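Working notes for the structure below.
Taken together, the values in this text are just the output of simple stated rules run on the coordinates, not laboratory data. Given the structure is predicted, the values throughout are model-derived calculations rather than measurements. Heads up, the Cβs are rebuilt from the backbone with ideal geometry, glycines too, and the neighbour counts pull from every protein chain shown.
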Amino acid sequence: MKQYSVRHIRFVRGDSMIEMLVAISIVAVSLVGILSLVGRSFALNRLTTEQYVATYLAAEGMELVKNLFDHSYLLEVQNVGGVSNRFYGWTGAGSIAPSGSYGLYYLDYSDTTLISVPGGCAITLPPTEATVANLFQTCGSAQLPYLNFAPPPAGAGYQYTSGTPTKFRRVIIIDEPTEGNPDDPTLPTIDYRITSAVGWESRGGEFVVQLQDHFLPWRIP
């Protein structure tokens, strides 16, 4: 009887140890799952924030190009410097590529003209999500620089001249669609297609936000 009792006690002690190990394993697996969800949540929040910033930067790029169009039109109306056809031809520094071709540019709020992206960068028209994403992959930072951020009041937001480098790069693609003039197919197109895209790298891969609009010479009588 005594021997049986000892064996029984040892059996109970072993069973308790197994139960404890199982309980610890369950708690550990649960903690790993919770920590994984928390990490995933932080990553998604960071990516969402970056997408917001990229979207606003792309919208800013579109607005900057629109301002240059408006400024060019005012110079045309005032005949500044005796240069004509500024608006639709956008002659002079930073001129837009001729029909059937395209131009790659970058600029910030302080620029008064488009800055052409140096050689080595190319895109296949029309500018789609895939072709624009490939542009950021093939175009290095030497050709398409990263935007800097200089917080106010000392700075004035995102720019190229000063501030802390960011992970965002912006490109402006301007081309004339090849669909032709809807009124007369023998004439060139009557609009410019403007694509403002921002690309950046983050955990999980490379991302691109792009906006597109068509500018018409509606001010010309």
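Note on Y56 and N134: the extension gain reaches 25.9 nm, defined as 0.36 nm multiplied by sequence separation minus the Cα-Cα distance. Taking the Cα-to-Cβ direction at Q143 and at D70 and moving 7 Å from each Cα, how far apart do the two end points lie in nm? So the two model labels end up 3.2 nm from each other. Phi-derived couplings, Karplus 6.51 cos²θ - 1.76 cosθ + 1.60 at θ = phi - 60°, listed residue by residue for segment 137-152: 6, 8, 9, x, 5, 5, 8, 10, x, 7, 6, 9, 10, 10, x, x Hz, with x used for Gly and Pro.
Spin-label pair H214-T112: with each label point 7 Å from Cα along the Cα-Cβ axis, the two points sit 3.3 nm from one another. Legend: calculated FRET efficiency, T49 to I26, from the Cβ-Cβ distance at R0 = 45 Å, rounded to 0.05, equals 0.80.
On full extension, the segment bounded by T166 and A150 gains 4.7 nm, given 0.36 nm per residue less the C-alpha separation. Evaluating 6.51 cos²θ - 1.76 cosθ + 1.60 at θ = phi - 60° for every residue in segment 119-124, the Karplus couplings come out as x, x, 10, 8, 9, 9 Hz, glycine and proline recorded as x.
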